Amino acid sequence: NVAGLPPAYLAVGDIELFFAEVRDYARRLADAGVPTTLDIVAGGPHGFESWARDTEPARALIARAHLWLRDVISTAS
């Protein structure tokens with residue numbers, strides 16, 4: 001049961017090994033009323049934002065994640 005969990009930000013590349021699982025988890029969260037953001041990165045393999053952090057897709061993903069977190073924190077305040 002995922003009802004009542006805090007807002008969730010899930011980032012996944014569309015060629016990630018666990019893409020289907022992440023997408024399904026995001027759907028379960030949203031269906032339970034949990035504010036959920038699913039950020040899908042075209043061509044992103046597992047962990048690319050860590051081992052390829054200097055690439056434009058990784059920088060853009062990290063920037064979106066920071067904005068999401070800032071918005072969630074400011075809404076909670």
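The values are calculated or read from the model by the stated rules, or taken from the named source; none is laboratory data. These numbers were taken from a predicted model, which means no experiment stands behind them. Cβ: placed from backbone, ideal geometry, glycine included. Neighbour counts: every protein chain shown. Note: areas computed on protein heavy atoms with side chains; ligands, DNA, RNA excluded. Shrake-Rupley method; radii C 1.70, N 1.55, O 1.52, S 1.80 Å.
Only protein heavy atoms count here; on that basis, with a 1.4 Å probe, Ile15 has an accessible area of about 110 Å². Largest accessible area first, the listed residues Tyr9, Tyr25 line up as Tyr25, Tyr9 when surface is computed with a 1.4 Å probe on the assembled protein chains. Using a probe radius of 1.4 angstrom, the carbon and sulfur fraction of the accessible surface of the chain is 61%.
Put one equal scatterer on each alpha carbon of the chain, apply the Debye formula with no solvent term, and list log10 I(q)/I(0) at q = 0.26 1/Å to two decimals. For the chain at q = 0.26 Å⁻¹, log10 I(q)/I(0) is -1.18. Projecting the Cα atoms of Ala3, Ala65, Ala42 onto the charge dipole of the chain, computed from C-beta unit charges around the Cα centre, puts Ala3 farthest toward the positive end. Computed extension length for Arg53-Asp14: 12.3 nm, one decimal, from 0.36 nm per residue of separation with the Cα-Cα distance subtracted.
Skip the ligands, DNA and RNA, and give the accessible area per residue of the chain with a 1.4 Å probe, whole Å².
Heavy-atom accessible area per residue stands at 67 Å².
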